[in-house]
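Before any comments, here is the structure.
Please treat every number below as a calculation from the coordinates, not as lab data. These numbers were taken from a predicted model, which means no experiment stands behind them. So basically every Cβ, Gly included, is an ideal-geometry build from the backbone, and we count neighbours across all protein chains shown.
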Amino acid sequence: MREYKIEALMRIFEMAELSKADQELVEAAKRATAGSYAPYSKFRVGAAVRLQDGTIVCGANQENAAFPSGLCAERTALFAANAQYPDQPVVALAIAAQKGRQYLAQPISPCGACRQVISGVEDRYGQPIRILLYGTDGVLVSDGINPLLPLRFVDDNMRLG
Ligand code: THU
């Protein structure tokens, strides 16, 4: 038997400690909660994606009476960005969530399916995506999806030896 140790490093920042670009992206994610359609969960999530050329694309969770047909804010934003600007690598993604119109104190973290999609977008452009998880108590930052999804499935896994 051998051990395989997995370590993850994330950092928590005050908003004022973030770069202007990161602050702008977090503010865009907060504003994006306005586009949430969440009549079932009443949980409003906004996401904002920054592309290499500085373009910001936003998304928000979209729910459906057939629950699994809805989509999280993160994938809404990433798929919209990739569909509209396929040649622009994604460099950062910010997320903010509201319950009862109040931003949460503790940041929410992307669901497993969104983590896999973030991983796929990293692989597509060959560079890590800086992830900013907003909470009023602080912003949790990860440089890339790896700390959130260690041992992830990547397309290399499908290539023959
Ligand atoms: N949701 C997101 O949009 N992003 C997350 O990271 C977690 C969950 C949405 C999906 C659903 O509309 C609602 O929040 C409750 O799960």
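Aspartates and glutamates near LYS42 by alpha-carbon distance under 19 Å, same-chain residues fewer than 8 away left out - which ones? Partners found: GLU63, GLU74. Per-residue extension of 0.36 nm, minus the Cα-Cα distance of THR55 and LEU9, leaves a gain of 13.8 nm for this segment. Placing a pseudo-label 7 Å from each Cα along the Cα-to-Cβ vector at GLU24 and ALA105 gives an inter-label distance of 3.2 nm.
Note on TYR37/MET1: beta-carbon distance plugged into 1/(1 + (r/R0)^6) with R0 of 41 Å gives a FRET efficiency of 0.25. Distance between the C-alpha centres of region 1-35 and region 41-76: 16 Å, rounded to the whole angstrom. Taking other residues whose beta carbon is less than 10 angstrom from the beta carbon of GLN116, and scoring Lys, Arg as +1 and Asp, Glu as -1, yields +3.
Over the chain, Cα pairs under 8 Å with separation of 6+ residues give a relative contact order of 23 percent. Loop exposure criterion: trypsin sites (Lys or Arg not before Pro), DSSP state outside H, G, I, E and B, at most 12 other Cβ atoms within 10 Å. Applied to the chain, the longest stretch between such sites is 43-100. List the chymotrypsin sites (Phe, Trp or Tyr not before Pro) in region 122-161 that DSSP assigns to loop (not H, G, I, E or B) and whose Cβ has at most 12 other Cβ atoms within 10 Å. Which are they? Passing sites in region 122-161 are PHE153. Note that region 45-53 has calculated 3J(HN,Hα) couplings of 10, x, 9, 9, 10, 9, 9, 4, 7 Hz, one per residue in order, obtained from phi through the Karplus relation 6.51 cos²θ - 1.76 cosθ + 1.60 (θ = phi - 60°); glycine and proline are x.
Sequentially through region 144-154, phi angles give Karplus couplings (6.51, -1.76, 1.60; θ = phi - 60°) of x, 7, 3, x, 8, 8, x, 6, 6, 7, 10 Hz, Gly and Pro residues having no value and appearing as x. A DSSP coil position with no more than 11 other Cβ atoms inside 10 Å describes the following GluC sites (Glu not before Pro) in region 1-80: GLU3, GLU7, GLU14. Between amide H atoms placed 1.01 Å from N, distances below 5 Å from GLY135 occur with LEU140, all of them 5 or more places distant or on a separate chain. Step through the residues of region 9-19 one at a time and calculate ³J(HN,Hα) from phi using the Karplus curve (6.51 cos²θ - 1.76 cosθ + 1.60, θ = phi - 60°), rounding each to whole Hz and writing x for Gly and Pro. Those phi angles translate into 10, 10, 10, 10, 10, 6, 3, 5, 7, 6, 5 Hz.
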